[in-house]
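Single-structure report; data block below.
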Amino acid sequence: MIALFNHEEVGSVSTTGAESSLIPTVMSRLSPTSESLARTIARSFLISSDMGHGIHPNYTSKYQQNHRPELNGGIVLKTNAKQKYTTDAVGSFFIKQLVAKRNGSVQEFEVRNDMTCGSTVGPLLSKLGVRTVDVGLAQLSMHSIRETGGSHDARAGMDLFLSFFQGFAELDRELSLQ
C-alpha cells in the first residue's frame with residue numbers, strides 16, 4: 001500500500017491526513033480477521049519520505065560533524081534521539097541495503113541534542129506497530145520561499161523506491177532467517 005498525503009504539514013489531523021484514522025481503517029478493511037491484521041502489521045515496513053535538512057554554508061555550526069547532508073549526495077537517513085524521526089537500527093539496515101543494491105549512497109543526519117527539530121508522519125504512523133524509517137532528500141532553506149534541492153537527488157529517491165518494491169520482501173526474509 002502506498003499513502004501520499006497532500007497536506008501533511010498543515011492537515012495531519014484532518015479526515016484524510018496522516019494522523020487521521022485513514023491508514024488504520026484501510027489496513028483493517030483489507031484484513032478480514034484481527035489475526036490477519038496483526039500479521040499484516042508485523043510484515044509491513046513504512047518508509048516515511050520527506051525532505052531533509054541539507055548543510056547550509058552559512059550555518060555549518062548548526063550541524064553535527066558527521067551529520068551534514070549535501071545536495072546531490074543521495075538519500076538522507078534521518079535520526080533523532082527524541083524520536084521526532086522513527087529511524088532505528090533495523091530501519092537503517094534496510095535502507096542502506098536497498099540503496100546499495102542500486103549503487104546509491106546514504107547520508108546520515110541527526111539533529112543536535114541542544115536544538116529542536118520538526119517531525120514527519122513517521123512517528124504518527126509507527127504507533128500502529130509498523131516498522132518505520134524516516135528518509136529524505138537534502139534541501140536548503142526548508143519552508144522558505146526559495147527551497148533548493150539537488151537535481152540528481154530525485155533519481156536517488158526513485159532508485160530507493162524501485163529497490164524497495166523489487167527487493168524488500170527478499171531482504172526481509174533473509175533478515176528473518178538469520
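Consider segment 94-134 and keep the residues that are among the small types (Gly, Ala, Ser) and touching a residue at least 24 places away in the same chain (Cβ under 8 Å). The one that is nearest to residue 73 (Cα to Cα) is 105. The one condition from (1) under 17 Å from residue 140 (Cα atoms); (2) surrounded by fewer than 16 Cβ atoms within 10 Å (Cβ to Cβ) that residue 26 does not meet is (1).
Cβ separations smaller than 8 Å between residues 6+ apart or across chains give the following pairs from segment 65-88 residues that are among the aliphatic types (A, V, I, L, M) to residues that are modelled with pLDDT of 95 or more and surrounded by fewer than 15 Cβ atoms within 10 Å (Cβ to Cβ): 75/105. With respect to the conditions (1) under 15 Å from the mean Cα position of the chain (by Cα); (2) at pLDDT 80 or above, residue 124 falls short on a single one, namely (2). With respect to (1) assigned to a loop (DSSP other than H, G, I, E, B); (2) open to solvent by 60 Å² or more (accessible area, probe 1.4 Å), the lone exception for residue 73 is condition (2).
Whenever a residue of segment 144-169 is among the aromatic types (Phe, Trp, Tyr), its partners that are modelled with pLDDT under 95 and not in a helix (DSSP H, G or I), lying with C-beta atoms within less than 7 angstrom and at least six residues away or across chains, give the pairs 164/47; 168/45.
Conditions (1) within 19 Å of residue 64 (Cβ to Cβ); (2) open to solvent by less than 60 Å² (accessible area, probe 1.4 Å), marked per residue:
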{"position": "102", "(1), (2)": "no, no"}
{"position": "108", "(1), (2)": "yes, no"}
{"position": "111", "(1), (2)": "yes, yes"}
{"position": "114", "(1), (2)": "yes, no"}
{"position": "129", "(1), (2)": "no, yes"}
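Kindly indicate whether residue 137 is in contact (Cβ under 8 Å) with a residue 24 or more places away in the chain, part of a helix (DSSP H, G or I) and buried (at least 18 other Cβ atoms within 10 Å of the Cβ).
Numbers: in contact (Cβ under 8 Å) with a residue 24 or more places away in the chain: yes; part of a helix (DSSP H, G or I): no; buried (at least 18 other Cβ atoms within 10 Å of the Cβ): yes.
Here the answer is no, as residue 137 does not meet what is asked.
Of the residues contained in segment 159-175, one or more are found to be at pLDDT 90 or above, surrounded by 19 or more Cβ atoms within 10 Å (Cβ to Cβ) and within 18 Å of residue 109 (Cβ to Cβ).
Looking at 49, 12 in this structure, which one is of a type in the set (Ser, Thr, Tyr) and under 25 Å from residue 168 (Cβ atoms)? It would help to see each step written out before you state the result.
Values: 12 fails: under 25 Å from residue 168 (Cβ atoms).
Testing whether each residue is of a type in the set (Ser, Thr, Tyr) and under 25 Å from residue 168 (Cβ atoms) leaves just 49.
The values are calculated or read from the model by the stated rules, or taken from the named source; none is laboratory data. This one's a predicted model, so the numbers in the text were calculated from it and none came from an experiment. Please note: Cβ atoms are built from the backbone with ideal geometry, for glycine as well, and neighbour counts cover all protein chains shown. The protein model used for the area step is the full one, side chains on, heavy atoms only, and it has no ligands, DNA or RNA in it. Shrake-Rupley method; radii C 1.70, N 1.55, O 1.52, S 1.80 Å.
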